[in-house]
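Peer 1: Take this structure, written in structure tokens, and hold onto it; I'll ask about it next.
None of the figures in this text is laboratory data; all of them are computed from the coordinates on show. Everything numeric here is computed off the predicted structure, so don't read it as measured data. Glycine also receives a Cβ, built like all others from the backbone with ideal geometry; neighbour counts cover every protein chain displayed.
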Amino acid sequence: MDRRTFLLSLAASPLLMQCQSRNNQAFGGQLLGPDHVAGHALTKGEFPPYSQTRRNRVVIVGGGISGLSAAWYLQSQGMHDFVLLELEDNTGGNARSGHNRISAYPWGAHYLPIPNHENHMLKQFLAETGAIVSGHHTHKPTYHERYLCFAPQERLFIHGQWQEGLRPHHGLSKNELTEIEAFEQQMHTFRLARGKDGKPAFSIPLIESSQDPQWLALDRLSMTDYLYQQGWQGQALHWYVNYACRDDYGMPASQISAWAGIHYFAARRGEAANAELDQVLTWPQGNAWLAEQLASKSLAQIQSRQLVHAISQEKHGITVDAQDLNSRQTTRWQADHVIYAAPAHVLPFVLRQHSDLTQSAANVLHAPWLVANISLSDASILQGNLPAAWDNVIYDHPGLGYVVANHQTLQQPSESVITYYHALAQADSVRARRELYSESWQSLQQSITRDLQTAHPMLEEAITRMDIWRWGHAMTFPKPGFLTDHHRLRLNQQHDRLHIAHTDAAGISIFEEAFAQGVRAASSCLYQRTKMKKPR
Ligand SMILES: Cc1cc2nc3c(=O)[nH]c(=O)nc-3n(C[C@H](O)[C@H](O)[C@H](O)COP(=O)(O)OP(=O)(O)OC[C@H]3O[C@@H](n4cnc5c(N)ncnc54)[C@H](O)[C@@H]3O)c2cc1C
């Protein structure tokens with residue numbers, strides 16, 4: 001069977017596998033991922049001609065956080081004449097989720113830090129959902145206790161035992177501790193720093209950051225080079241910073257812009273009346289909860305299982321052709337504006353014009369990720385010298401650790417679902433993706449189990465199921481020079497009636513950037529619509 005046939009069969013019927021654990025208990029699982037059949041259909045480009053037409057003022061292509069945020073913003077401005085076309089069965093994109101008898105669980109994004117005070121639109125949305133209970137205009141809103149991560153939030157397995165928090169300290173030498181302290185001091189200074197333009201040196205969304213050349217110069221070197229430039233060479237600090245880059249950007253610090261690496265530590269200043277600094281918002285299903293809230297007012301406008309395969313700018317409008325994956329029929333939508341909220345690497349297959357734009361889209365690189373949801377018959381095996389936290393990381397290991405999906409429950413659970421994350425971070429992301437797709441469920445589950453057994457020797461005996469999701473194009477990452485990269489800047493421009501809204505255009509893949517992308521694109525549709533309607 002060649003690779004293509006293999007992928008097609010994989011997507012058509014997810015593989016149900018069985019594994020025999022050491023105590024002879026079998027556990028099964030599925031190998032899952034985005035719709036590859038549709039992906040291959042796009043590359044072949046053989047679709048039936050359209051058999052019907054529809055008209056909406058705005059068509060949103062893609063129902064991840066960016067597309068859903070655009071829909072939310074249009075609704076909030078009283079504009080309901082739009083349709084959102086999503087390829088998969090459900091919206092959410094890489095903030096999607098699953099559930100089983102024990103718990104809901106994330107397949108991708110799983111938390112949102114407390115937003116910065118100046119991120120008014122995001123706080124307004126959170127207030128609407130009830131996540132902010134009161135004071136969303138103030139510096140310290142009150143958040144819903146249920147959504148603030150319960151203690152303990154984080155622990156790190158290092159030198160044979162668990163310590164509180166992810167910043168390493170247990171078993172480190174005095175020099176290593178001093179270095180980490182100096183790094184933290186420097187990040188604190190950056191957090192307070194402002195540029196000559198009066199803006200914060202590092203902000204979220206990143207477009208709100210200062211344009212002062214003093215700070216932008218950091219984009220020219222890698223985060224690893226920045227650490228060496230400061231004279232910081234210790235293994236513990238390098239692990240910590242590397243972990244942060246892999247966790248947020250899916251790539252090691254050597255591949256990440258120093259500006260972006262510092263952004264991770266210095267851009268978050270959000271405070272709450274009832275939360276610790278650094279406490280995050282989380283839900284059993286992860287950020288799928290936020291996706292559900294964004295979608296809730298647009299259920300009538302959302303159409304799933306719609307594969308968009310052509311976008312074309314016409315003299316008096318713009319058209320979108322989408323194949324319904326159930327009926328196999330193609331519908332042509334005629335619109336005033338299209339918000340393209342699908343990933344950049346798909347754009348060259350659907351856009352009929354703008355060769356410069358498709359060239360820029362094809363230039364976006366993506367880091368591949370692996371996520372596994374592991375059901376455990378006995379949650380107590382996660383206990384060590386410290387109780388299980390929400391986020392649990394193993395020092396100097398290939399994976400990024402796991403979050404406990406049912407951490408936000410009021411009673412101590414007897415069973416558990418843990419969500420394991422692994423950014424397959426390598427300099428060569430294309431090769432890493434190829435390798436990911438060449439692995440079987442059996443070999444992936446074995447390496448995941450081995451990775452976690454260092455901290456949990458009894459893990460294998462407790463596993464009742466392991467489902468594994470392969471994200472080939474999980475997220476873009478901010479390489480050195482990404483701030484001035486003309487390809488990325490071009491994606492952020494408006495192209496006649498086409499507006500791009502995706503984290504691929506932001507350059508950093510986090511919820512806040514996706515939200516800002518969607519709101520910006522939707523507001524430029526509204527603005528242009530108003531302008532076009534002005535009497536001549
Ligand atoms: C494993 C993982 C963990 C993460 N953890 C976090 C986290 O904890 N916190 C955080 O803030 N961020 C996290 N992120 C990043 C976050 O999930 C993203 O930044 C955000 O969800 C991206 O949203 P988006 O809408 O820009 O893109 P996407 O999620 O890529 O959405 C694009 C949508 O377009 C659809 N689509 C594609 N092609 C077509 C087509 N031809 N026709 C119609 N529809 C199409 C897709 O199905 C998809 O729904 C994580 C990401 C991953 C992969």
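Peer 1: With a sphere of radius 9 Å drawn around the Cβ of Pro200, what net charge do the other residues whose Cβ falls strictly inside it have (Lys, Arg +1; Asp, Glu -1)?
Peer 2: For residues surrounding Pro200, the net value is +2.
Peer 1: Let me ask you something else. Where a ≥ b ≥ c are the square roots of the eigenvalues of the C-alpha gyration tensor, would you call segment 34-95 rounded, which needs a/c under 1.5, or, failing that, prolate if a/b is larger than b/c, or oblate?
Peer 2: oblate
Peer 1: Something else now. Relative to the present Cα-Cα distance, how much length would full extension add between Ser355 and Ser380 at 0.36 nm per residue of separation?
Peer 2: Contour length minus Cα-Cα distance gives 3.4 nm.
Peer 1: For Thr484 and Gln334, what is the calculated FRET efficiency with R₀ set at 30 Å and r taken between the beta-carbons, to the nearest 0.05?
Peer 2: On the way: r = 37 Å, r/R0 = 1.24.
Calculated value: 0.20.
Peer 1: Sticking with this structure for a sec: Pick out the long, greasy-scoring helices in the chain: whole DSSP H runs spanning 30 Å or more along their own axis by Cα, mean Kyte-Doolittle at least -0.5.
Peer 2: The answer, listed by residue number, is 511-533.
Peer 1: A further question on this structure: Run the numbers for Asn90 and Arg431: contour at 0.36 nm per residue of separation, minus the present Cα-Cα distance, in nm. Spell out each step's value before the answer.
Peer 2: On the way: separation 341, 0.36 × 341 = 122.76 nm, distance 2.93 nm.
Gain on stretching Asn90 to Arg431: 119.8 nm.
Peer 1: Less than 19 Å from a label point 7 Å out along the Cα-to-Cβ axis of Asn175: which backbone N atoms in segment 224-258 qualify, by residue?
Peer 2: The answer is 227-241, whose backbone nitrogens lie closer than 19 Å to the label point.
Peer 1: Sequence gap at least 6, Cα distance under 8 Å: using those rules, report the relative contact order of segment 125-203 to the nearest whole percent.
Peer 2: 12
Peer 1: Right, another one. Cut-off under 19 Å on the C-alpha distance; same-chain residues fewer than 8 positions from Lys123 excluded. Which aspartates and glutamates are left, in chain and number order?
Peer 2: The reachable aspartates and glutamates, counting only those whose Cα sits under 19 Å from Lys123, are Glu145, Glu208, Glu271, Glu276, Asp278, Glu292, Glu512, Glu513.
Peer 1: Nearest 20 debye, what's the magnitude of the dipole of segment 215-370 about its Cα centre given +1 on Lys and Arg Cβ and -1 on Asp and Glu Cβ?
Peer 2: 380
Peer 1: Next question, about the same structure. Tally the DSSP beta bridges in the chain and give the antiparallel ones as a percent, rounded to 5.
Peer 2: In the chain, approximately 70 percent of DSSP beta bridges are antiparallel ones.
Peer 1: Now for a different question. With Cβ to Cβ distances under 13 Å as the rule, what net charge do the other residues near Ile510 carry (K, R +1; D, E -1)?
Peer 2: Taking every other residue near Ile510 into account, the sum is -4.
Peer 1: While we're here: Please state the shape class of segment 150-300: rounded when a/c is under 1.5, otherwise prolate if a/b exceeds b/c and oblate if not, all from the C-alpha gyration tensor.
Peer 2: Here segment 150-300 falls in the oblate category.
Peer 1: Between beta-carbons, use under 11 Å as the cut-off and find the net charge around Tyr420, counting Lys and Arg +1, Asp and Glu -1. Spell out each step's value before the answer.
Peer 2: Values: positive: none; negative: Asp451, Asp467.
Taking every other residue near Tyr420 into account, the sum is -2.
Peer 1: Okay, next question. Using +1 at the C-beta of Lys and Arg and -1 at the C-beta of Asp and Glu, which of His309, Ala258, Gln185 has the Cα lying farthest in the positive direction of the dipole of segment 185-340?
Peer 2: His309
Peer 1: Quick one: dipole size for segment 389-467, taken about the Cα centre, charges +1 on Lys/Arg Cβ and -1 on Asp/Glu Cβ, in debye to the nearest 20.
Peer 2: Rounded to the nearest 20 debye, it is 200 debye.
Peer 1: So between Asn100 and Glu118, what do we pick up on full extension, going 0.36 nm a residue minus the alpha carbon distance?
Peer 2: Values: separation 18, 0.36 × 18 = 6.48 nm, distance 3.82 nm.
Once the chain is fully extended between Asn100 and Glu118, it gains 2.7 nm.
Peer 1: While we're here: Can you work out the FRET efficiency for the pair His80 and Arg194, with r the C-beta to C-beta distance and R0 = 35 Å, to the nearest 0.05?
Peer 2: E(calc), rounded to 0.05, equals 0.30.
Peer 1: Helix-derived [θ] at 222 nm for the chain: sum -39500 (n - 2.57) over DSSP H runs of at least 4, divide by residue count, nearest 500?
Peer 2: On the way: 18 runs with 175 residues, N = 536.
Computed ellipticity for the chain at 222 nm equals -9500 deg cm²/dmol.
Peer 1: Pairs of alpha-carbon atoms within less than 8 angstrom and 6+ residues apart define the contacts here; what relative contact order does segment 185-301 have, in percent? Walk me through the numbers on the way to the answer.
Peer 2: Numbers: 120 pairs, mean separation 27.8, N = 117.
So the answer I get is 24 percent.
Peer 1: When the dipole is taken about the Cα centre of the chain, and only Lys, Arg (+1) and Asp, Glu (-1) are charged at their Cβ, what size is it in debye, to the nearest 20?
Peer 2: Numbers: 45 positive and 48 negative charges, 381 e Å.
The calculated dipole for the chain is roughly 1820 debye.
Peer 1: In segment 321-346, whose amide N lies under 20 Å from the spot 7 Å out along Cα-to-Cβ of Ser51? List them in ranges.
Peer 2: Within reach of a label on Ser51: 321-334.
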